[in-house]
Amino acid sequence: MSSLIKNVGTIGGLTMVSRIFGFARDMLLARVLGAGLAADAFQLAFTLPNTFRRLFAEGAFSVAFVPTYSRALHGEGGETAAAKFADDVLSVFLWILLVFSAVMMIAMPGIVWLLARDFQEVPGKFEFAVFLSRVTFPYLALVSLVAMLSGLLNARSRFAPGAFAPVLLNIVLIGGIITGWWLRGPGGDDRIVAEALCVAVSIAGVVQLAYMWWAVRRAGLKLHWHLPRLTPEVKKLGMLILPATFGAGIYQISQFVDTFFATSLAQGSLTLLKLADRLNQLPLGIVGIALGTAILPMLSRHIHSGDAAEAQRLQGNAFEIATLLTLPAAAALAICAPAFVTAFFVGGRFTEADGAIMAQIVAALVAGLPAYVIVKILNPGFFAREDMRTPVWTALAALIVNIAINLYVVERYGIVGLAGATAASASLNCLLLYTVLHRRGWFHFTAKLAGRIARQLIAVAAMSALLWWMMPMMAPYYGGGVFERIWSLAALCTAGGAVFFVVAFLVGALDKDLVAMLTRRRAKPAVEQE
């Protein structure tokens, strides 16, 4: 538990910094662009490389590359074998990225038509979305190389550089928004802001790659390009990546499905969905990505050494941390969504009516927040064993259910129904993954884990009751001045967090090592995970 908490703390802390900057980015974007033509076009343009990044680079590639590289590193060949494998992968991967990016940019009109054909009903919107998508798409190749360099360091338990790289993205994008706002001037064309922001996306990719290259060299690693060679190890990696692309990316694939349905609704719906997802992504990124990144190399070592008991203990600890953090986060976001949306986003060109719809979207999305995070804990149980097929089938089942639900609810409940369908499909995927792991004897709920989660739910109920009582009482302050917005949200967060952790401590919902870390006291550690 101690090692896991330390690694999750490193990744989660830096991811939190990135999410804060990302939150600031979206607050500026909402006020500068609102939820109109230019905002929708930018959201689509950014969705394409960003979703492919999560699906391929940080999803399928990472979950396949890290265990394979880690095995080479800790095998008989050691550093020499690992370095050769990394060089071979880089040489093949680079050409695949270049060809894929070129093909996608040429085919961009067709791709945008598939995702947002209803944009054609608004004069100029479709063509503008195609142009912006071509400007942003080079970011995919750049950030995919960033993901590979992060994988090299993650396999050596150096998580900080990879977790910090997204901070650079958000800093550059904030600069792009400010530049676009300055170029537009009072009463200017919003398209100028969208164009400046899309240029900033590609610039951010260059900045991230330069930083990660420096971090890898600083760690004493050197990479070399050569003519691409399909060695047996590279072929094996490719065979692992193909199914992992789907199995690790149900959330990202659902993003494309959601984009398709959202663009068929009223103008601004896509922007409202993406901004609402920012609130959902805050705990998801901090907890889910941190846990998934931290446990994969550790789990791979335990499994390949034949230590099934430690593999079970590691996933159990990760599961407990995930529910401890996501259950209260989901409840708090659902109850306090109107307060957060009003305080952070309403203002400038983002109206109160936009905020009311967005708050409902947030409440629907976060219903699946625990499932989104737990999937990132369960998937490594398959990936570490090089079983990429099972997550494919569970993800396929969840995606089919997601589409079926959307076909029913979008027409009746609009964008809010779409968000609810995403949450439901993620929960189904989580349930299917656990069922398979349990039946194969790879991971199971223990009485201790179930008891901990039951105690966590007691603390969540106490916190929820308090927030439900406080929300209407403080409603006049959420849309007030800057100081009123800050102190009202601070009061909600402080009171809710205090009640949750006090009750959790009293009912025994906190692991002793976690309590020791939170209180900065030395405690007798549990059995180490590595």
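The values are calculated or read from the model by the stated rules, or taken from the named source; none is laboratory data. Treat the numbers as computed from the prediction; the structure is a model and nothing was measured. Quick reminder, even Gly has a Cβ in these numbers, built from the backbone with ideal geometry, and neighbours come from all protein chains shown. The area values use the complete protein model at the heavy-atom level, side chains included, leaving out ligands, DNA and RNA. Shrake-Rupley method; radii C 1.70, N 1.55, O 1.52, S 1.80 Å.
As a check on your grasp of the helix formula, calculate [θ] at 222 nm for the chain: sum -39500 (n - 2.57) over DSSP H runs of n ≥ 4, divide by the residue count, round to the nearest 500.
It comes out at -27500 deg cm²/dmol, rounded to the nearest 500.
Show Val122, Val375, Val99 ordered by accessible area, largest first, where the area counts protein heavy atoms only and the probe is 1.4 Å.
If we order Val122, Val375, Val99 from most to least accessible, we get Val99, Val122, Val375.
In nm, give the distance between the simple-model label positions of Val401 and Thr80, each being 7 Å from the Cα along the Cα-to-Cβ direction.
Distance between label points: 5.1 nm.
Determine the order of Lys84, Lys448 by accessible area, beginning with the largest, at a probe radius of 1.4 Å.
From most exposed to least exposed: Lys448, Lys84.
Which entries of Lys235/Lys376; Lys235/Lys274; Lys274/Lys376; Lys376/Lys448 show an alpha-carbon separation above 31 angstrom in the structure shown?
From Lys235/Lys376; Lys235/Lys274; Lys274/Lys376; Lys376/Lys448, over 31 Å: Lys235/Lys274.
What is the percent carbon and sulfur in the accessible area of segment 30-172, measuring with a 1.4 Å probe over the protein chains and ignoring ligands?
69 percent
Say each of Val507 and Ile458 gets a label point 7 Å from the Cα, pointing the same way as Cα to Cβ; how far apart are those two points in nm?
Each label point lies 7 Å from its Cα, and together they span 0.6 nm.
Grab the Cα-Cα distance for Arg156 and Thr231, subtract it from 0.36 nm times how many residues apart they are, and report the gain in nm with one decimal.
Extra length from Arg156 to Thr231 when fully extended: 24.7 nm.
In the full protein assembly as shown, how much of Ser254 is accessible to a 1.4 Å probe, in Å² to the nearest 10?
0 Å²
For the pair Thr179 and Ile96, what calculated FRET efficiency results from E = 1/(1 + (r/R0)^6), where r is the Cβ-Cβ distance and R0 = 45 Å, to the nearest 0.05?
Working from the Cβ atoms, E equals 0.85.
Taking the Cα centre of the chain as origin, work out the dipole magnitude from +1 charges on Lys and Arg Cβ and -1 charges on Asp and Glu Cβ, in debye rounded to 20.
For the chain, the charge dipole is close to 1140 debye.
Ignoring ligands and nucleic acids, what accessible area does Met239 show with a 1.4 Å probe (Å², nearest 10)?
Met239 has an accessible surface of roughly 130 Å² with all protein chains in place.
Note down the accessible area of Lys236, probe 1.4 Å, to the nearest 10 Å².
Taking all protein chains as shown, Lys236 has close to 100 Å².
Given a Förster distance of 56 angstrom, what is the FRET efficiency for Trp213 paired with Met473, based on the Cβ-Cβ distance and rounded to 0.05?
After rounding to 0.05, the efficiency reads 0.60.
Enter the accessible area per residue of the chain (Å², integer; probe 1.4 Å; all protein chains in place).
Ligands and nucleic acids excluded, the figure is 41 Å² per residue.
How many nm separate the modelled label positions at Phe445 and Arg117, each set 7 Å beyond the Cα in the direction of the Cβ?
4.4 nm
Whenever you get a sec, line up His444, His224 from highest to lowest accessible area (probe 1.4 Å, protein heavy atoms).
Listed by decreasing accessible area, they come as His224, His444.
With the full set of protein chains in place, find how many percent of the accessible area of segment 376-485 is carbon and sulfur; take the probe as 1.4 Å.
Carbon-and-sulfur percentage of accessible area, whole number: 68.
Taking +1 at the Cβ of each Lys and Arg and -1 at the Cβ of each Asp and Glu, which of Ile106, Thr259, Val499 sits farthest along the dipole of the chain towards its positive end, judged by Cα position relative to the Cα centre?
Val499
Roughly speaking, what is the stretch gain from Arg412 to Val17, that is 0.36 nm per residue apart minus the C-alpha to C-alpha distance, in nm to one decimal?
Result for the pair: 138.4 nm of gain on full extension.
Find the all-direction average of the projected area of the Cα convex hull for segment 391-472, expressing the result in square nanometres with one decimal place.
Hull-based average projected area comes out at 7.8 nm².
Based on alpha-carbon atoms only, what is the radius of gyration of segment 75-204 relative to the globular estimate 2.2 N^0.38 Å?
Here the answer is 1.36, to two decimals.
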